[in-house]
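Enquirer: Let me give you the structure first, and then I'll get to my questions.
The values are calculated or read from the model by the stated rules, or taken from the named source; none is laboratory data. Since the structure is predicted, the reported quantities are computational estimates derived from the model, not experimental observations. In this analysis, Cβ positions are derived from the backbone assuming ideal geometry, glycine residues included, and neighbour counts consider all displayed protein chains. Heavy atoms of the whole protein, side chains included, go into the accessibility calculation; ligands, DNA and RNA do not. Shrake-Rupley method; radii C 1.70, N 1.55, O 1.52, S 1.80 Å.
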Amino acid sequence: MIKFRTFTLSYIVKKESKRNFINLKSNENLIYHLLDDDFLDLGGVLTSEDIYKYPIYDEIYSKIISYIESENVLLTSGGHDAIRVILSSLSNDNKVLLAAPNYSGYELHFALYKIPYLIHMRGPEDPHDLDELLSIAKHNLCNLIVITNPDPYSGDFFDNDTLALFLQCCETEGISVIVDEVYTGMGREPHTVLTKSHDNLILINSFAKSFGLPGLRVGWIIASEKYLLELRNLFPETNLSGPSIKIILHLLDKPLTILRYRDNLRLCRSNMLSALKGVSDIIPYEKSVTNFILFKSLKDVAADKLWETLKENGFYIANLNSFKGYENYFRISVCSRHECNGLLNELSRI
């Protein structure tokens, strides 16, 4: 009989449908109407061949390389798949320092592939200290550090100059760094340029967050040529669908569409921040450069009760109360004015 690996996590992996709610948890960028005009002509772009034939990757690779300005790229089925590809390539002789809170996918694959790791938590308004991360990694003999930048819960960030200095110090100590940069693009520069001068850097990105296209499941890895060759040997075929490739190619031919979309997303974020500050006992974190906003509730009601009440009234938000230091904190996706006003009305009633 087949035997499986056994592993344990510090939490329960739970997937649930949010289709019956206004989903402000999953960062689905609920201003999708801004792209409607650009999707109207997809009927003429997609063909039956895109479905019944295996996809060809040459054109999408050429276009992505041109767009991100790096030839050392490996396409994946979204950012989560990029995490899987990288971590499944690692031996369990590695030891990892994970800057947290972070995506559950990292701990899941650390456990699955039996890669030793330790976690360093930050507070909601207390960014990671990169010098401290390096010191902890050295002290615990870690040879890999994982960070997400901009941060996946607060939305703040380290700029390229700061990261470059950190990468240089890590390189001196023989430490590699994975930077998950899926939230770059909305006012912050990507980190691609750093891979040209730092062989110890591996980048993860996708079309989900700052492009607003999570349903297409298209992501990528950027790293040194040597490491990318090893990854390509392990994963010689990408698993992107033909329709996803065609849609991405269609949008990359319209760079002004992407810029216009992001400009509007930033405007919506700014308007939501201003509106949240007007709600009694709600304190938003104002340093987010992403497609979501972190806020703290000072209301005289338990965090879980607040979350349940909003859910009962049709709003599904991220409840971060289970994270140490994030008691009474929540995260909401940037959304349209109509949806934002509805959420604010519900928060005001609680």
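Enquirer: Take the range 114-153 and flag every residue that is part of a loop (DSSP other than H, G, I, E, B), within 17 Å of Asn200 (Cβ to Cβ) and open to solvent by 20 Å² or more (accessible area, probe 1.4 Å).
Expert: Result: Leu141, Asn143.
Enquirer: Now for a separate question. Can Thr192 be described as of a type outside the set (Asp, Glu) and under 18 Å from Ile147 (Cβ atoms)?
Expert: Yes: the conditions hold for Thr192.
Enquirer: Still on this structure, I have one more. For the range 102-112, which positions are within 24 Å of Leu194 (Cα to Cα) and either crowded, with 22+ Cβ neighbours inside 10 Å or of a type in the set (Ser, Thr, Tyr) (or both)?
Expert: Tyr103, Tyr106
Enquirer: If Trp307 passes every condition in (1) open to solvent by 20 Å² or more (accessible area, probe 1.4 Å); (2) of a type outside the set (D, E, K, R); (3) within 20 Å of Asp151 (Cβ to Cβ); (4) touching a strand residue (DSSP E or B) at 6+ places or on another chain (Cβ under 6 Å) but one, which one does it miss?
Expert: The one condition Trp307 does not meet is (3).
Enquirer: Turning to a different aspect of this structure: Being more than 21 Å from the chain's Cα centre (by Cα) and of a type in the set (Ser, Thr, Tyr) is the filter; apply it to the range 216-240 and report the residue that is most open to solvent (accessible area, probe 1.4 Å).
Expert: Top of the filtered list is Tyr227.
Enquirer: Only one residue in Asn345, Asn271 is touching a residue at least 40 places away in the same chain (Cβ under 8 Å), out of contact with any strand residue (DSSP E or B) (no Cβ under 6 Å at 6 or more places or on another chain) and not acidic (Asp, Glu). Which one?
Expert: The conditions single out Asn271.
Enquirer: Can we say Val182 is crowded, with 22+ Cβ neighbours inside 10 Å, in contact with a strand residue (DSSP E or B) (Cβ under 7 Å, 6 or more places away or on another chain), of a type in the set (A, V, I, L, M, F, W, C) and modelled with pLDDT of 95 or more?
Expert: No.
Enquirer: Assuming Ser244 fulfils every condition listed in (1) polar (S, T, N, Q); (2) in contact with a Lys or Arg (Cβ under 8 Å, 6 or more places away or on another chain); (3) assigned to a loop (DSSP other than H, G, I, E, B) apart from one, which condition is it?
Expert: (3)
Enquirer: Additional query: Report every pair of residues separated by at least 6 positions or lying on different chains whose Cβ atoms are under 7 Å apart, first residue within the range 56-77 and aromatic (Phe, Trp, Tyr), second assigned to a helix (DSSP H, G or I).
Expert: Partner pairs satisfying both residue conditions: Tyr67/Leu252.
Enquirer: So, in the range 188-215, how many residues would count as being surrounded by 17 or more Cβ atoms within 10 Å (Cβ to Cβ) and either within 12 Å of the chain's Cα centre (by Cα) or at pLDDT below 90 (or both)?
Expert: Within the range 188-215, residues that are surrounded by 17 or more Cβ atoms within 10 Å (Cβ to Cβ) and either within 12 Å of the chain's Cα centre (by Cα) or at pLDDT below 90 (or both) number 14.
Enquirer: On to the next question. Go through Ser297, Ser348, Ser288, Ser322 for me and flag whichever is crowded, with 21+ Cβ neighbours inside 10 Å and more than 28 Å from Gly185 (Cβ to Cβ).
Expert: Result of the check over Ser297, Ser348, Ser288, Ser322: Ser297.
Enquirer: Okay, moving on. Considering only residues of the range 253-275 that are in contact with a Cys (Cβ under 8 Å, 6 or more places away or on another chain) and open to solvent by less than 50 Å² (accessible area, probe 1.4 Å), which is farthest from Val334 (Cα to Cα)?
Expert: Ala275
Enquirer: Oh, and also: On the basis of being within 21 Å of the chain's Cα centre (by Cα) and part of a helix (DSSP H, G or I), does Tyr261 make the cut?
Expert: yes
Enquirer: Looking at the range 291-321 only, could you name the residues that are free of Cβ contacts under 8 Å to residues at least 60 places away in the same chain, of a type outside the set (A, V, I, L, M), touching a helix residue (DSSP H, G or I) at 6+ places or on another chain (Cβ under 8 Å) and not in a strand (DSSP E or B)?
Expert: Lys299, Thr309, Asn313, Asn321
Enquirer: Considering only residues that are within 25 Å of Leu265 (Cβ to Cβ) and among the charged types (D, E, K, R), look in the range 279-310 and name the one that is farthest from the chain's Cα centre (by Cα).
Expert: Lys296
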